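The values are calculated or read from the model by the stated rules, or taken from the named source; none is laboratory data. Model, not experiment: these values are computed from the prediction. Cβ placement follows ideal geometry from the backbone for every residue including glycine, while neighbour counts extend to all protein chains displayed. Accessible surface is based on the protein model in full, side chains and every heavy atom, while ligands, DNA and RNA are left aside. Shrake-Rupley method; radii C 1.70, N 1.55, O 1.52, S 1.80 Å.
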Amino acid sequence: MSAFEEKPKVFDETLSEDAALEQLGYQQELKRSFGLLGMIGFSFSIVTSWTALSGVLIIGVESGGPPIMVWGWLAVCIVTLAVAYSMAEMCSAYPVAGGQYSWVAILAPQRWARGFSYICGWFMLIGILAMGAVNNFIGANFLLGMANLSHPDYTIERWHTVLVAYLIAVCAALSNIFLPRFLDKISQGILVWNIVSFFVVFITILACNDHKQPASFVFSTFQNETGFNGSYCAILGILQSAFGMCCYDAPSHMTEEMRDARKQAPRAIVMSVYMGAVTGFIFLISLSFCMGDIESTAGTTTGVPVIAIFFNSTGSVGGSCALASLIAVIVLFCANSLMAEGSRAVYAFARDRGLPFSSILSKVEKKRQVPVFAILFTCLIQIAFNSIYFGTITGFNTVISIATMGFYLSYAMPLLARILSYLNKSHTTLEGPYSLGRLSLPLNVVGFLFLMFCVITFNFPSVKPVNEENMNYTSAAVGVVMLIATVTWVFDGRKNFTGPEVGSAERMREPEVESEPKVE
């Protein structure tokens with residue numbers, strides 16, 4: 001028998017989405033209301049790279065300035081596509097709300113698949129839930145920043161930011177519980193708002209600004225406000241780009257609410273990355289040309305450098321607030337989408353008995369067909385993350401690092417499982433409509449190496465000298481997650497955690513035939 005032998009497809013092409021889900025060992029409980037356009041809007045509202053970059057612009061401004069932001073963004077987007085295509089292929093083959101941890105359970109070598117899947121599930125959850133908290137921070141910063149710009153005598157306090165972030169989380173939770181049937185329409189509407197706002201914002205600041213920075217400032221003048229040397233500073237600056245290009249796994253967690261999920265969810269994953277790459281690149285260049293003095297932009301009393309750039313360009317408080325409000329609306333709707341994504345991930349992991357109180361968190365309210373307890377749990381954890389800002393001035397940056405670290409680790413684990421399965425020739429055929437063929441392994445390797453580089457970078461301190469207030473506590477947070485995962489695995493997970501079921505172990509691990517790409 002040859003090293004690569006063709007094996008049966010996991011799913012017959014004629015199977016319905018519900019039947020495909022049942023083959024994985026689950027019953028359809030959520031309502032399938034999303035189409036492709038709605039899911040692209042949903043995913044892009046979360047990825048929305050240009051608004052995400054504006055929310056964390058302070059990191060890039062202080063860590064390398066415009067050159068690192070612009071060129072770092074291009075580099076990150078290129079290697080991100082390797083990850084996105086790899087995940088799209090897995091999502092097409094296994095369209096289940098568990099996403100990354102479910103793929104690990106199926107693809108990893110059998111003897112350690114369950115444990116590896118369990119750890120991946122914890123990092124996936126911590127990433128999604130922390131990212132929701134980051135978005136709440138960004139929304140609060142924009143709202144309070146506009147208040148400060150309109151009333152310069154108003155001083156923003158940390159507790160103001162935390163309380164507004166709480167309010168955003170609660171509103172998102174209530175929307176998810178009581179308005180679930182409108183989620184697809186809302187997503188379609190915010191897609192239009194997102195694109196129109198993008199053009200309005202970058203065209204306005206370029207047209208109004210009559211004192212633009214020279215091209216050398218944008219593309220070659222290095223800025224360093226970190227206190228570290230230039231090389232270290234440049235590596236730190238990549239964190240902004242890594243954060244801006246994140247969360248593109250969102251459609252995989254909504255597959256059980258999509259029509260034709262095996263085709264449309266992978267498309268939504270990849271399209272959101274392409275859209276984010278283009279809009280983010282144009283927006284970063286526009287902001288860099290319209291940026292005033294670096295120190296005044298970074299130290300703006302609004303707390304949001306992009307608002308300072310708007311004011312520097314328009315010279316108008318009203319005009320600046322109008323532009324900022326366009327972004328604020330996107331961020332607030334993103335909170336709604338992240339609450340949905342987070343709750344579905346919690347629901348899926350609890351359904352596989354991966355969490356304490358799984359029987360409660362996996363319940364679906366029959367009338368609205370939404371996991372109410374999972375939504376409330378997601379809201380509570382987001383609020384807990386937002387509370388970190390009470391204790392440390394770098395709490396915002398810390399939660400950003402925790403969120404991005406959680407996502408990137410959970411992205412890396414299925415890629416690692418796939419690579420290891422190739423090495424011991426136990427790899428599983430990914431026979432979904434969205435297949436990479438011979439390109440699968442190279443893209444898996446490139447994506448994995450990029451993710452590992454980022455994971456290491458996220459643990460670095462961002463300001464020198466380092467003290468207890470500005471220390472990067474990401475590694476400590478990751479250690480806590482690992483401790484929780486290990487303890488719960490020992491006392492509960494190893495006995496109760498299930499994961500998806502796809503045929504017999506022998507069938508799932510027969511060798512795979514190499515084929516040409518057939519991405520549709």
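Go through the residues of segment 144-154 one by one and say whether even a single one is open to solvent by 10 Å² or more (accessible area, probe 1.4 Å), under 17 Å from Gly406 (Cβ atoms) and of a type in the set (A, V, I, L, M, F, W, C). Scanning segment 144-154 turns up no residue that is open to solvent by 10 Å² or more (accessible area, probe 1.4 Å), under 17 Å from Gly406 (Cβ atoms) and of a type in the set (A, V, I, L, M, F, W, C).
Which one of the conditions (1) under 20 Å from the mean Cα position of the chain (by Cα); (2) open to solvent by 20 Å² or more (accessible area, probe 1.4 Å); (3) of a type in the set (A, V, I, L, M) does Ala242 fail to meet, given that it meets all the rest? Result: Ala242 fails condition (2) only.
Scanning segment 72-87 for residues that are in contact with a helix residue (DSSP H, G or I) (Cβ under 8 Å, 6 or more places away or on another chain) and either closer than 24 Å to Lys464 by Cα or free of Cβ contacts under 8 Å to residues at least 24 places away in the same chain (or both) yields a single hit, Gly72. So, in segment 171-199, of the ones that are of a type in the set (Val, Ile, Thr) and within 20 Å of the chain's Cα centre (by Cα), which residue ends up nearest to Phe34 (Cα to Cα)? Step by step, filter segment 171-199, then rank; the result is Ile186.
Can you confirm whether segment 220-240 contains a residue that is in contact with a Gly (Cβ under 8 Å, 6 or more places away or on another chain) and under 30 Å from His151 (Cα atoms)? Within segment 220-240 (the criterion being in contact with a Gly (Cβ under 8 Å, 6 or more places away or on another chain) and under 30 Å from His151 (Cα atoms)), the answer is yes, since at least one residue qualifies. Against the definition (within 23 Å of the chain's Cα centre (by Cα) and closer than 24 Å to Val83 by Cα), how does Ala384 come out, yes or no? It is false that Ala384 is within 23 Å of the chain's Cα centre (by Cα) and closer than 24 Å to Val83 by Cα.
Name every residue in segment 216-231 that is touching a residue at least 40 places away in the same chain (Cβ under 8 Å), open to solvent by 40 Å² or more (accessible area, probe 1.4 Å) and within 23 Å of Ile285 (Cα to Cα), in order of residue number. Result: Phe219, Ser220, Thr221, Phe222, Asn224, Glu225. Residues of segment 118-143 that are among the small types (Gly, Ala, Ser) and within 15 Å of Met405 (Cα to Cα): Gly121, Gly127, Ala130, Gly132, Ala133.
When segment 374-383 is filtered for residues that are without any contact (Cβ under 8 Å) to a residue 60 or more places away in the chain and out of contact with any Ser or Thr (no Cβ under 8 Å at 6 or more places or on another chain), only Leu380 remains. Glu295 satisfies every condition listed in (1) buried (at least 24 other Cβ atoms within 10 Å of the Cβ); (2) part of a helix (DSSP H, G or I); (3) at pLDDT below 90 except (1). When each of Val192, Val196, Val218, Val201 is tested for being over 17 Å from Phe44 (Cβ atoms) and assigned to a helix (DSSP H, G or I), the lone residue that passes is Val218. The single residue among Leu338, Leu332 that is under 21 Å from the mean Cα position of the chain (by Cα) and open to solvent by 60 Å² or more (accessible area, probe 1.4 Å) turns out to be Leu332.
Applying the set (1) touching a Leu at 6+ places or on another chain (Cβ under 9 Å); (2) part of a helix (DSSP H, G or I) to Tyr154 leaves exactly one unmet item: (2).
Looking across segment 299-323, the residues that are assigned to a helix (DSSP H, G or I) and surrounded by fewer than 17 Cβ atoms within 10 Å (Cβ to Cβ) come down to Val317, Gly318, Gly319, Ala322.
Taking each residue of segment 459-476 that is under 19 Å from Gly64 (Cα atoms) and looking for partners that are assigned to a helix (DSSP H, G or I) and open to solvent by 60 Å² or more (accessible area, probe 1.4 Å) with beta-carbon atoms closer than 7 Å, six or more apart or interchain, yields Asn459/Ser475.
In segment 257-266, how many residues are surrounded by fewer than 24 Cβ atoms within 10 Å (Cβ to Cβ) and modelled with pLDDT under 85? Qualifying residue count, segment 257-266: 2.
Conditions tested, residue by residue: (1) modelled with pLDDT of 95 or more; (2) among the aliphatic types (A, V, I, L, M).
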position	(1), (2)
Glu157	no, no
Val162	no, yes
Ile168	yes, yes
Asn176	no, no
Arg181	no, no
Gln188	no, no
Asn194	no, no
Phe198	no, no
Asp210	no, no
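Taking segment 56-112 as the region of interest, the helices (runs of 4 or more DSSP H) fully inside it that hold 1 or more residues being at pLDDT 85 or above are 66-93, 100-107. Here Asp210 meets each of (1) touching a strand residue (DSSP E or B) at 6+ places or on another chain (Cβ under 7 Å); (2) not in a helix (DSSP H, G or I) with one exception, condition (1).
Here is a check on your reading of the model: is Gly299 on the phi < 0 side of the Ramachandran plot, out of contact with any Ser or Thr (no Cβ under 7 Å at 6 or more places or on another chain) and free of Cβ contacts under 8 Å to residues at least 60 places away in the same chain?
For Gly299, the condition - on the phi < 0 side of the Ramachandran plot, out of contact with any Ser or Thr (no Cβ under 7 Å at 6 or more places or on another chain) and free of Cβ contacts under 8 Å to residues at least 60 places away in the same chain - is met.
Within the option set Ile177, Ile168, Ile195, Ile190, being of a type outside the set (D, E, K, R) and open to solvent by 40 Å² or more (accessible area, probe 1.4 Å) holds for one residue only, Ile195.
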